[in-house]
Amino acid sequence: MKVVVIGNGMVGYKFCEKLIAKKLPDLELIVFGEEQYPAYDRVHLSDFFNGKGVDDLTLAPASWYAENNIKLHLCDPVLYIRNSIKLLQTYKGYVMHYDILVMATGSAAFVPNIDGIDKRGVFLYRTIEDLHLIQSYAKKVKRGAVIGGGLLGLEAAKALLDLGIKNPDVIEFAPRLMPRQLDESGSKILSNTLTNIGLNIHTNKNTAKISGKENVTGMQFTDGTSLSTDMIVISAGIKPRGELAVECGLETGINGGIVVNNFMQTSDENIYAIGECALYNEMTYGLIAPGYEMADVTVNEICRIHAKSNIRTKEFTGFDMSTKLKLVGTDVASFGDPFAQGDTVRNIVLKDTSKGIYKRINVTADGKHLLGGVLIGDTTQYNILLQTCKNKLILPPHPEDLILPARDVKKEEGAGIVALPDDALICSCESVDKAAICSAVINQGCETIDDIKKCTKAGTGCGGCLPMVKDLMVYTMKQQGKYVRNVLCEHFNYSRQELFDLVKLHDLRTYNQVLDNLGKGDGCEICKPAISSILASLWNEMVLVKGNDTSQDSNDRFLANIQKGGTYSVVPRIPGGEITPEKLIVIGQVAQKYGLYTKITGGQRIDLFGAHVSDLPSIWSELIAAGFESGHAYGKALRTVKSCVGSTWCRFGLQDSVSFAIQIEERYRGLRAPHKFKSAVSGCIRECAEAQSKDFGIIATEKGWNLYVCGNGGSKPQHAHLLATDIDSDTCIKYIDRFLMFYIRTADTLTRTATWLNKMEGGINYLRNVVVNDSLGMAEQWEQEMQALVNAYQCEWKVAIETPEIRKRFNHFINAPEEKDPTVKFDALREQKKAANWK
Amino acid sequence: MLKEPKIFEQNAHWILACKAEDVVENGGVCVKYGEHQIAIFYFTRRNEWYATQNECPHKKQMALSRGMIGTKNDEPKVACPFHKKTFSLATGKCLSGDECSINTYPIKEENGNVYICVDSLPLT
Ligand code: SRM
Ligand SMILES: Cc1cc2nc3c(=O)[nH]c(=O)nc-3n(C[C@H](O)[C@H](O)[C@H](O)COP(=O)(O)OP(=O)(O)OC[C@H]3O[C@@H](n4cnc5c(N)ncnc54)[C@H](O)[C@@H]3O)c2cc1C
Ligand code: SF4
Ligand code: FES
C-alpha cells in the first residue's frame, strides 16, 4: 500500500511517527515537503531568537526518515493532484501514484489586503525562513510594529523586543487584545503588563496604508492617525492552505480549509486532510493538540483499510481549544467557555491590578460545575481547573477557593488529582490520560519523569503538563505503597544527609571507598559529584588526589568551567572585588598572551574565556606567580563576597564593608557545599552590594552588622531573611560558621540555601534557634569543624601546577600532548573573540 | 591507494594507541588518529577497556573523553560533560532517550599497551 503525505510540518510528522509505529507490512510511505528543513517545532519557533538553532527545533533529523524507510522529499511542493486517476505531480517533476493521500499542508499567515503591503520590510511569522529574514532586517533598523494583537502577534512582538527593537508597536483591529480568548477586563490587565515591559499597544486600529518608497517607513490608519516604523510583522490570523484541494475539486470552505468528516476523509474517500488545513464542522483548529488527534484518527483509518475492514475504532469529534501560554513577561490561559455569562451563570472574578493578576471562572448558577474561565498573571491552577471543567467534576462548596493564590489551595490540588476520572486527558499534545500515567507507574515500574516520558510520551510536547504528571506519579507511587524515598541514585540507597553522616562515621576518604562500603555497582554521573562534594566538605583535601579526580564533576576535574566548543574559563579570586592596578595589568597580559576573551562578571571579578585545556596550567602558573589564586568558579563552593565601597570612601558608609568582605571571602574560600554559595557586605542600608539576594549577606548598622541568610538570585529569586541584628564581627563569623555547617550537613545535593530553608519545617525561626540559640547543641562542634576546614585550605591550582601527575592530565590528546584540539573554533566579536556557534 | 604515514605502529588491524599507564583510572583520555579523535576509557573498577568516538553527537563537541563514566543497570556508560547525555560504552546507544548514538571501536590491552581497531576509520 502506498501512502503519500503532502506537507512535512508538525502534524505531517506526527502522522508518520504514529503510522510507522503500527509496523504495517508492505507499507510504502512517501512525504513531500515544501520547506527546506525536515519538520520542526513551530510551537517553539520563537525560541529561535533565544539562541535555539534549527537543530534544536527539528522534530527528527533526515536520518530518522531514512531509518524508518520513509522517503522524504524536501523543497519539493506538490503542484497538482489528479484524484480521478490517483496521481500527483511535484515541482521537481515527480509524477506519482498513491493509494491513500494525506494532506497536511497546514496554513499560511493571513495577509490582509492593505495598500503598500508588498514593500520591503513587511514580514510574516510562520517559518524558520521568515525568522531568518526578520533577524537580518531587524539588525539594520530601530523601530518595528506587529499587525495583530492575538496569540501569535504578541509572540512576534516579544521576538522583536528580543531582537533589540525598542518599544515595538502592536496594532489590533478589535477593541482589545486576544479577543478570541480573553474578556475585556482580562485584556486590560494584560495590556497594562505588556505596556510596562515596553510594548506600545494600539487597539481599535485599522491599517489603511503602509507608507514608504521601497522600504517601509510608516503606517496610516483609517481613523486618520499614523505611526512611523521601519519594519512590520504581519500576524493577523491564519489561512488554511487548501489551494491544491480547490484545484482538484475537493470540497473546501470559504476560508480555504479542506472539508473533512469525522474520520478526516475529504470529499474524495482516498484523500485525507489533517492539521491546520482541515475544516471540521466549519472550524479550523490552529493548535497542535487537535492536529495530533487528527493524525491519530487517520492512522487508524489506514490500518483499517490495510486490514480491509469496515470497522472503525476511532473518530474525531472536535477538540477543546483551551490554551495556556507564556506570553511576554506573563502567563495567560483560557479554558472551556471563557465568556459564559447571564442568568444561569455565576462569574467569580479575582483582580489585582498592581500585580497584573486577573482570574475569572464561570460557574453554573447552582455552583456545582465549572464552565470555563480566564487566568492572567498566575496560571498555576490551570491544569486542575481545565480537568475540573472538562470532566464536569462537582465543585467544592466555595468555588472561589479555586482561584485564590496557590498556597491556600494546596490540599485541594492533591484532592483534585484523586478526583479525576481515569480518562481525564493530562497531556493534550500527546493525548495521554490519567489511566495511562498511573499504569506506567503501576505496570511498567516508571519511577521518574524521564521513565514516564519514554513510556507514555506525556510531557514531550509543550511540557505544560509536567507538574501534574509528576504529582500523579508521586501520588500513584505512594498508593502502591512505594515509599518515595529521597535516595541519591541506583547506586546508593541513602539520602545525601544520611551519606554525609555515614562517610564521616566510617572515616572514608575516596569515592571508591564510599562506593565499596555504602553503595553497589559502579557509580554514575549523579552519585560521583555528590559524594565528591561530601568528601570535600568533610575533609577539604585537594579534589584531584587519591584517584578522586575522575569522580569529580567535569568542571572540578579540570578546575575550570567547560564552555561552548570545549575551551575553559579562568576566574582568579578577587576578594571583595578589590584589586590593585598591578594585578589588573597581569590579568590583561595573561589574556593577551593566551588570546582570551575578558569580561567583568556579575560577581565583581574578571572572567577569562576561551582557554585551551592544555594552556590552563601555564595560565595559572603566571597568575599564581602574580599573587592570584583559584576563584572556584567551577566548584560547588564559595563564589564571591561582593562588597560596596563602604565607610572608607562613601559618605553614607557606616562600617568598612570592603575589609569585612575580604575577611569573609578569605575565610570561606574553597569551602565545598551541596551547591555553590555567595555572599555580600554592604556599608549601609542603601544596600549597594545586594546582600539580601545572597546565601548570606551582611549589612552595616550604626552598632555593627545585620546578618541575612538564604537569599537567592537565579531563576526563582528570593530575598534573604534577617537572622541576627547589630552583632559584632566575631559573632557574625561565628553565626556564619554554624549556619554553613548546618547547611552542608543537611541539604540535599544541588540545593541552594534558599530552597533548603523553604523545605525546612519551622522555617527561619527554627533556623534562628539552631544557629543563634544553639538549640541542637551543635554550635561548638560546628565552629571547630569549620576552623579545621579553614586551616586545611590550599589553592587547588597551586597544588595542580606543582604536582606533575596532576599537571599532565591537562592535555587534549594523550598521544600528542603538545597539540591543541583542532576542532575548537572562534569568531571575532567587538575586538575580542567568541566561541563559534554550536554546529 | 596511497595513505599518509601512520603515526602509530601498525600491527595487522590493531594500532597502538597509547600506554595503559597513561590512561586515567575510571576515566577517559583522547587519542589522535590522523584527523580522527577517539576516546579511550579504562573502567578500572570493572577492569574493562572501551573506545568510542570523542565527539558528542548532541552538539558535536569533542568532549566525551572528559566525561564521567559509570553504569546504568550494570550497562557501562559515559556522560557528556556538556549536557549530561549518556551513551552506552558497550553499544554506543544513547541511554538518555535521544535519537543519536556514538561509534564504538574494538580495544584491547596487552603488556601495558593499549590497541584499538580502527578499520572502519579511513585515514585521509
Ligand atoms: C560569569 C558569570 C556571568 C557574568 O558574565 O557576569 C556567571 C556565569 C555562569 N553562571 Fe552564574 N554567573 C555569574 C553570576 C551569577 C549571579 C550574580 C551574582 O553572583 O551576583 C547569579 C544570581 C545569584 C545567585 O546565584 O543567587 C548567577 C546565577 C547562576 C545560576 C542559578 C543559580 C540558582 O540558584 O538558580 C547558575 C546555574 C547553577 O549554578 O546551577 C549559574 C551558572 C553559571 C555558569 C557556571 C554556567 C556554566 O556551567 O557554564 C556560568 C559559568 C561561566 C564561566 O565559565 O565562568 N549562575 N550567576 C558571573 C560570575 C560571577 C563570578 O564572578 O563568580
Ligand atoms: C509562532 C507560532 C507559535 C505557535 N504557538 C502555538 C502554541 O503555543 N500552541 C499550539 O498548540 N499551537 C501553536 N502554533 C500553531 C501550530 O504551530 C500549528 O497548529 C501546527 O504547526 C500545525 O501543524 P500542521 O502540520 O497542520 O501545519 P504546518 O506545521 O504549517 O505544516 C505544513 C507544512 O506543509 C507544507 N506544505 C504546504 N503546502 C504544500 C505542498 N503543496 N506541498 C508540499 N508541502 C506543502 C508547508 O510548507 C509546511 O511545512 C503556533 C504557530 C506559530 C507560527
Ligand atoms: S551601601 Fe552605603 S556605604 Fe555602600 S556605597 Fe552605598 S551608600 Fe555607600
Ligand atoms: S554536547 Fe554532549 S550532551 Fe550536549
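Is it the case that some residue within the range A:464-472 is more than 16 Å from ligand 3 (Cβ to nearest atom), more than 14 Å from every other protein chain (Cβ to nearest Cβ) and in a loop (DSSP other than H, G, I, E, B)? So far as the range A:464-472 goes, yes, one or more of its residues are more than 16 Å from ligand 3 (Cβ to nearest atom), more than 14 Å from every other protein chain (Cβ to nearest Cβ) and in a loop (DSSP other than H, G, I, E, B). At least 2 residues being modelled with pLDDT of 85 or more and surrounded by fewer than 20 Cβ atoms within 10 Å (Cβ to Cβ) is the threshold, and among the helices (runs of 4 or more DSSP H) wholly inside the range A:364-445 those reaching it are A:434-442. Looking at residue A:76, is it in the same structural domain as residue A:277 (by TED's automatic domain parsing), within 11 Å of ligand 2 (Cβ to nearest atom) and more than 25 Å from residue A:306 (Cα to Cα)? Here the answer is yes, as residue A:76 does meet what is asked. Kindly indicate whether residue A:520 is more than 9 Å from every other protein chain (Cβ to nearest Cβ), in contact (Cβ under 8 Å) with a residue 12 or more places away in the chain, in a loop (DSSP other than H, G, I, E, B) and in contact with a Lys or Arg (Cβ under 7 Å, 6 or more places away or on another chain). When the stated conditions are applied, residue A:520 does not pass them. Give me the residue from the range A:534-563 that is within 27 Å of the chain's Cα centre (by Cα) and more than 9 Å from chain B (Cβ to nearest Cβ) and, out of that set, nearest to residue A:487 (Cα to Cα). Ranking the qualifying residues of the range A:534-563, first place goes to A:556.
Among the residues of the range A:527-577, those identified as in a loop (DSSP other than H, G, I, E, B) and within 18 Å of residue A:640 (Cα to Cα) are A:559, A:560, A:571, A:573, A:574. All conditions but one from (1) of a type in the set (Val, Ile, Thr); (2) more than 11 Å from every other protein chain (Cβ to nearest Cβ); (3) under 11 Å from the mean Cα position of the chain (by Cα) apply to residue B:91; the one that does not is (3).
If only residues of the range A:115-124 that are of a type in the set (A, V, I, L, M, F, W, C) and more than 16 Å from ligand 2 (Cβ to nearest atom) are counted, the one that is surrounded by the fewest Cβ atoms within 10 Å (Cβ to Cβ) is A:117. The selection criterion, being buried (at least 16 other Cβ atoms within 10 Å of the Cβ), at pLDDT below 95, small (Gly, Ala, Ser) and touching a strand residue (DSSP E or B) at 6+ places or on another chain (Cβ under 6 Å), does not hold for residue A:237.
For the range A:252-272, the criterion of a residue being part of a helix (DSSP H, G or I), away from ligand 4 (no atom under 16 Å from the Cβ) and over 13 Å from residue A:317 (Cα atoms) is satisfied by no position.
Residues in the range A:61-114 that are buried (at least 18 other Cβ atoms within 10 Å of the Cβ), assigned to a loop (DSSP other than H, G, I, E, B) and small (Gly, Ala, Ser): 2 in all.
Contact map, the range A:500-512: residues that are away from every other protein chain (no Cβ under 14 Å) paired with residues that are of a type outside the set (Phe, Trp, Tyr) and in a loop (DSSP other than H, G, I, E, B), Cβ distance under 7 Å, separation 6+ or inter-chain. Pairs shown: A:509/A:546. If you filter the range A:639-673 down to residues that are surrounded by fewer than 23 Cβ atoms within 10 Å (Cβ to Cβ) and of a type in the set (Val, Ile, Thr), you find that the one that is nearest to ligand 1 (Cβ to nearest atom) is A:662. Considering the range A:742-830, the qualifying helices (runs of 4 or more DSSP H), each wholly inside and each with 1 or more residues that are under 35 Å from the mean Cα position of the chain (by Cα) and away from every other protein chain (no Cβ under 14 Å), run over A:753-759, A:763-771, A:796-802. Taken together, the criteria exclude residue A:645 from residues that are within 16 Å of ligand 3 (Cβ to nearest atom) and either within 14 Å of chain B (Cβ to nearest Cβ) or in contact with a Pro (Cβ under 9 Å, 6 or more places away or on another chain) (or both). Going by the conditions given, is residue A:685 within 16 Å of ligand 3 (Cβ to nearest atom), closer than 23 Å to residue A:791 by Cβ and over 33 Å from the mean Cα position of the chain (by Cα)? Taking the combined requirement at face value, the residue does not satisfy it. Say we look at the range A:487-499 and pick out the residues that are surrounded by fewer than 18 Cβ atoms within 10 Å (Cβ to Cβ) and assigned to a helix (DSSP H, G or I); which of these is farthest from the other protein chains (Cβ to nearest Cβ)? Going through the qualifying residues, I end up with A:497. Anything in the range A:695-724 that is assigned to a loop (DSSP other than H, G, I, E, B) and either touching a helix residue (DSSP H, G or I) at 6+ places or on another chain (Cβ under 9 Å) or within 16 Å of ligand 2 (Cβ to nearest atom) (or both)? List them, or say none. Scanning the range A:695-724 gives A:695, A:704, A:710, A:711, A:713, A:714, A:716, A:717, A:719, A:720. So is residue A:710 in the same structural domain as residue A:754 (by TED's automatic domain parsing) and either crowded, with 21+ Cβ neighbours inside 10 Å or within 11 Å of ligand 1 (Cβ to nearest atom) (or both) or not? Spelling it out, residue A:710 is indeed in the same structural domain as residue A:754 (by TED's automatic domain parsing) and either crowded, with 21+ Cβ neighbours inside 10 Å or within 11 Å of ligand 1 (Cβ to nearest atom) (or both). The condition (being modelled with pLDDT under 90 and more than 27 Å from residue A:526 (Cβ to Cβ)) is satisfied by just one residue among A:697, A:763: A:763. The set of residues in the range B:73-124 that are surrounded by fewer than 17 Cβ atoms within 10 Å (Cβ to Cβ), free of Cβ contacts under 8 Å to residues at least 60 places away in the same chain and not in a loop (DSSP other than H, G, I, E, B) comprises B:75, B:93, B:101, B:110.
For residue A:146, the test of being away from ligand 4 (no atom under 16 Å from the Cβ), assigned to a strand (DSSP E or B) and not hydroxyl-bearing (Ser, Thr, Tyr) is passed.
Select from the range B:39-70 the residues that are surrounded by fewer than 19 Cβ atoms within 10 Å (Cβ to Cβ) and facing another protein chain (nearest Cβ under 9 Å) and list them in ascending order. Passing the criteria: B:44, B:45, B:46, B:60.
So, in the range A:115-143, of the ones that are assigned to a strand (DSSP E or B) and not charged (D, E, K, R), which residue ends up farthest from residue A:277 (Cα to Cα)? Filtering first and then ranking leaves A:122. Taking the conditions exactly as written (of a type in the set (Val, Ile, Thr) and away from ligand 1 (no atom under 15 Å from the Cβ)), does residue A:598 satisfy them or not? It is false that residue A:598 is of a type in the set (Val, Ile, Thr) and away from ligand 1 (no atom under 15 Å from the Cβ). The criterion of at least 2 residues that are hydrophobic (A, V, I, L, M, F, W, C) and without any contact (Cβ under 8 Å) to a residue 40 or more places away in the chain is met by the following strands (runs of 3 or more DSSP E) wholly inside the range A:584-650: A:606-611.
The values are calculated or read from the model by the stated rules, or taken from the named source; none is laboratory data. Everything quoted here is computed from the prediction, not taken from an experiment. With ideal geometry, Cβ positions are generated from the backbone for all residues, glycine too; neighbour counts draw on all protein chains shown.
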